[in-house]
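Structure first, commentary second.
The values are calculated or read from the model by the stated rules, or taken from the named source; none is laboratory data. All values reported here derive from a predicted model rather than from experimental measurement. Quick reminder, even Gly has a Cβ in these numbers, built from the backbone with ideal geometry, and neighbours come from all protein chains shown. For accessibility, only protein heavy atoms count, side chains too; no ligands or nucleic acids. Shrake-Rupley method; radii C 1.70, N 1.55, O 1.52, S 1.80 Å.
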Amino acid sequence: MMNLKLHVWRQPSAKDTGRLETYEARDVSPDMSFLEMLDVVNEDLIVTGKRPIAFDHDCREGICGSCGMMINGVAHGPQRGTATCQLHMRTFKDGDEIVIEPWRAQAFPIIKDLVVDRSAFDRIIQRGGYISVNTGGAPDGNDILVGKDRADHAMDAAACIGCGACVAACPNASSSLFTGAKITHLGKLPQGQPERDRRVVAMVEQMDEEGFGNCSWFGECQEACPKEISIDVIKQMNHDYVAAAARGSD
Amino acid sequence: MELNSKVPPGPLTAKWDQHKFDIKLVNPANKRKYDIIVVGSGLAGASAAATLSELGYRIKCFCFQDSPRRAHSIAAQGGINAAKNYQNDGDSVFRLFYDTLKGGDFRSRESNSYRLAQLSVNIIDQCVAQGVPFAREYGGTLANRSFGGAQVSRTFYARGQTGQQLLLGAYQALEKQIAKGLVTMYPRTEMLDLVMIDGRARGIVVRNLITGKIESHAADAVVLATGGYSNVFYLSTNARGSNATAIWRAYKRGAAFANPCFTQIHPTCIPVSGDYQSKLTLMSESLRNDGRVWVPKAKGDKRAPNDIPHAERDYYLERKYPAFGNLGPRDITSRAAKEVCDEGRGVGESGRGVYLDFADAIKRLGDSTITERYGNLFEMYERITDENPYKVPMRIYPAPHYTMGGLWVDYNLMTTIPGLYALGEANFSDHGANRLGASALMQGLADGYFVIPYTIGDYLARGGFNAVNTDMPEFKSTEREIAEKTSKLLAIDGKRTVDSIHRELGHIMWDYCGMSRNDAGLHKALDMIPKLREEFWTDVNVPGSAVELNQALEKAGRVSDFLELAQLMVRDAINRTESCGAHFREESQTPDGEALRDDEHFAYVAAWEYAGADAAPILNKEPLEFESIHLSTRNYK
């Protein structure tokens, strides 16, 4: 069992000013997940008449992308390729102090405590992160063959869970890894070709409109990504963007 | 209440085509005059919202998460079934239908299960067209794997993230429609009640989870695609937010609730490690393709697994069910694990676990093939348990995973409330008393992409709608009721947290209405639940206010509904004295401990009707008639 000191960002609402508050986390088992540790702290806060810490979470198995916080300044904490819900307390040791903050990015405004608004990601997808096919009338699944390597590459990029860690980790708060992942996923597949040019142009434009910064190749995004998506997807995005511009897509 | 299943006449194989021809259509130009509310944005909800809006209907879609992409469908790992017969191994629509019906222990509606099998092939085509990156063979064709309860290879997959990829396909289709202004999306918005006007479902009342504002939305039809209720057990494989509030409110407004006691306990989950545990993590059933399940032959054998020689291991699934071996259906496999643990042969600190061992598969196929097939699952297991499954066998134990029960629906997926539909896990229709692996994704997408788009038109085209708006007294009084309930919850100011009461409810349900049930235990639960509910309403502590983001208040509302639903589950389990599928009544078993069905007395759907807060619910029965198959005893030996 461990005892830890937490410094947690508390902010009642978007309008209020936030600040770090300190809490003791006692009798923490190394087998607990990070969020289970916060659950225990919250139970204590409630029974002592205080407000629990608000944080987003849902599946708690690293796939829904709901959770995410800066843990000692690192998006999703110290373990590589791991979302906050899958981070376990055995990563820490007795007596540790842990600073817990929300994602920090202008395009992700704080709603409360550790909860931020990531709807900008949905709006990026709305600009072309799909294949325009209505339900019905699709050809047989085997009519268009897709080589295994190509399908695997598409899947590597498609694994993005949309958690926003890439943005939070980036010194420019760029969403290039997120956007590049979708562009790569769809761009690798034959079904994604007809809209490839207009997709990349529109999605990049939306990133700018949302107030995300530009990519300047720090590479922090791929370090923070719980699905370990490579910055190769940003290369692909830039390539597609230039190619689209050269072809005069609007 | 009258239960009219509206199953079309004619031979099984022709019912759906005939029905599509017989039902009414809405003229394309008229579709934009109709408003449809879709609650939930998982596979069923997102696919329905996207497809209905493609047809021209005006759609509002609601989800409690911050984005529709987060719905719990995303967590499905293993795959989706389809009767493509790409493997040339004897699969067919009829075989998938028969496997589904048999897997469900003959407690599903034949016509619905057949339609599901028929539509399965269209789903794969649709998803491929959307860019879902299914696994492929080197030659470029779609790859398949095997799943429990089937002897053909018909499961399509995208690594161990099939649910994620299918949901992202549906989500992207939905975002496409949102971008066109044809769907209005309401994330972080929770449905708290259904509004009925003139006996029809005409809208919902929701809470904006950021501001706390209670708002009403009117429509011509309401579609619930809000998933299942496994979280009644507190610990389950469901996401923490998954809840029964929408379907429970619908039940209290008059929608019959069918087979609530049919809950699936998934055999391969990571065992509980402590009291703080907040959820149980599933390890995909696909692992049973290559993993062998065993426990020590001797009771209380505490040796490390790799120190136990082969001859002293009991590969009990292979021993008891040689035909299906480790790939038996979920209910049977789960009970077998419970049985060996009850005998004192369970492994791990708690003794509630069995080994899932990959040593033979690794020897046969090599590390790299195993990584290719299950890499992400092995990683997830190691992160949670700190044990390396390439070196030591996994420890697994059954956990609540899926609920076959749900709102009663007819062939059109309409509940007993006119204009209220239920899709996916929220309804009861296709899986009987036990769902086969890789069939939940199939059902969610079949309902959303290919059933509701046709059947809802039949209701709308029949007309007879009066104009409604949210200023009408039905909306205002429902808003008031919700505000009153919220104030009441906040005012109790007791000593217990919502989670502590929820956890206690979970223990009651797991102990007495879990993997095996008996009359005495069920009656004990029936006595305990109202007492716990009473304690909740007098001693719960819900901090904060109603006009802010208040996660404790959200949980309190959901748990208050679980506390009522639990009682209905127990009543249903008491009523069904037979064993069938996942519902195992200890009083009804064969001499060798298998489930003993009683077709003479229980070949029906139990559809429960709400009769008021203080009255016992009314049991209505829909007899199950099987025209195309013979009821047989399930045998996986």
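Structural remarks
- Share, in percent, of DSSP beta bridges within the stretch A:2-101 that are antiparallel, nearest 5: 75
- Along its principal axes, the stretch A:119-246 has C-alpha extents of 45, 29, 27 angstrom, given from the largest down.
- Dipole of the protein assembly as shown, positive end: most advanced residue of B:579, B:552, A:239 [Cβ charges, Cα centre]: A:239
- With DNA, RNA and ligands ignored, accessible area of residue B:297 (1.4 Å probe; Å², nearest 10): 120
- Hits among lysines - C-alpha to C-alpha of residue B:299 under 30 Å, sequence gap 8 or more where chains match: B:279, B:320, B:338, B:363, B:391, B:637
- Interface size A-B, as summed buried accessible area [1.4 Å probe, Å², nearest 100]: 6200
- For chain B, with +1 on Lys and Arg beta carbons and -1 on Asp and Glu, the positive-most of B:269, B:380, B:298 along the dipole: B:380
- Cα Rg, Dmax, chain B, angstrom units: 23.6, 74
- Three-way shape label, the stretch A:12-65, alpha-carbon gyration tensor, a/c 1.5: oblate
- Principal axis dimensions, largest first and in whole angstrom, of the stretch A:42-97 by Cα: 37, 30, 18
- A Cβ-based charge dipole, computed about the Cα centre of the stretch B:527-622 with Lys and Arg at +1 and Asp and Glu at -1, lands at about 260 debye.
- Gaussian network model of chain A, Cα within-10 Å springs - most flexible of A:129, A:192, A:147: A:147
- Magnitude of the charge dipole, the stretch B:88-192, Cβ model with Lys/Arg +1 and Asp/Glu -1, debye to 20: 160
- Sequence-distant lysines (8 or more away, or on other chains) whose Cα lies within less than 22 Å of residue A:112: A:5, A:15, A:50, B:213, B:555
- Calculated on the Cα set of chain A, radius of gyration then Dmax: 20.2, 64 Å.
- Order by protection proxy (mean Cβ within 10 Å, highest first), peptides B:57-66, B:552-561: B:57-66, B:552-561
- Averaged per residue, the stretch A:119-246 has 38 square angstrom of accessible surface, using a 1.4 angstrom probe with ligands and nucleic acids left out.
- For the stretch A:2-101, the fraction of C-alpha pairs farther apart than 22 angstrom is 25 percent.
- Gap separating the Cα centres of the stretch B:438-516 and the stretch A:219-238, nearest whole Å: 39
- Of all accessible heavy-atom area on the stretch A:119-246, the percent that carbon and sulfur account for (1.4 Å): 48
- Put simply, the C-alpha atoms of the stretch B:504-637 give a gyration tensor, and the ellipsoid matching it has half-axes of 35, 17, 14 Å, longest first.
- Ellipticity estimate at 222 nm from DSSP helix runs (n ≥ 4, -39,500 (n - 2.57)) divided over chain B, nearest 500: -11500 deg cm²/dmol
- Sorting B:516-522, B:185-191 by average packing, meaning the other beta carbons within 10 Å per residue, from highest down gives B:185-191, B:516-522.
- Radius of gyration and Dmax over the Cα atoms of the stretch B:466-519, both given in Å: 18.9, 51
- Global form of the protein assembly as shown, assessed from the alpha-carbon gyration tensor, a/c cut-off 1.5: rounded
- Cα-Cα pairs of the stretch B:233-326 separated by more than 16 Å (percent): 72
- Shielding score for A:165-175, defined as the mean number of other chain Cβ atoms within 10 Å: 0
- Per residue, the solvent-accessible area of the stretch B:266-400 (1.4 Å probe, heavy atoms of protein chains only, all protein chains present) comes to 39 Å².
- Interface residues in the stretch B:137-183 - accessible area drops by 30 Å² or more relative to the isolated chain, probe 1.4 Å: B:138, B:140, B:141, B:159, B:161, B:164, B:165, B:171, B:172, B:175, B:176, B:179
- Under 26 Å from the Cα of residue B:31 - lysines, other chains or at least 8 residues apart: B:6, B:15, B:20, B:60, B:176, B:180
- DSSP bridge orientation in chain A - percent antiparallel, rounded to nearest 5: 75
- Compared with the rule-of-thumb size 2.2 N^0.38 Å for a compact globular protein, the stretch B:266-400 has a Cα radius of gyration ratio of 0.97.
- Heavy-atom accessible area, 1.4 Å probe, ligands and nucleic acids excluded: residues of the stretch B:67-105 down by at least 30 Å² from chain alone: B:69, B:70, B:74, B:75, B:86
- Here the stretch B:266-400 exposes an accessible surface that is 49 percent carbon and sulfur, computed with a 1.4 Å probe and the other protein chains kept in place.
- Remark: the stretch A:2-101 carries 39 Å² of accessible area per residue (probe radius 1.4 Å; ligands, DNA and RNA excluded).
- Cα gyration tensor shape of the stretch B:323-433, rounded if a/c is under 1.5, else prolate or oblate by comparing a/b with b/c: prolate
- Residues losing 50 Å² or more accessible surface upon assembly, the stretch B:379-397, compared with the chain by itself, 1.4 Å: B:383, B:384
- To put it simply, the accessible area of the stretch B:479-598 at a 1.4 Å probe is 52 percent carbon and sulfur.
- Separation of alpha-carbon centers, the stretch B:528-599 and the stretch B:144-220, rounded to whole Å: 24
- The protection proxy used here, the mean number of other Cβ atoms lying within 10 Å of each residue, ranks peptides A:117-128, A:35-46, B:313-324 as follows, highest first: A:117-128, A:35-46, B:313-324.
- Of all DSSP bridge pairs formed entirely within chain B, close to 70 percent run antiparallel.
- To the nearest ten degrees, helix B:498-512 and the longest principal axis of the Cα atoms of chain B are 60 degrees apart.
- Under a model in which nothing but the beta-carbon of Lys, Arg (+1) and Asp, Glu (-1) is charged, the stretch A:119-246 shows a dipole of about 140 debye around its Cα centre.
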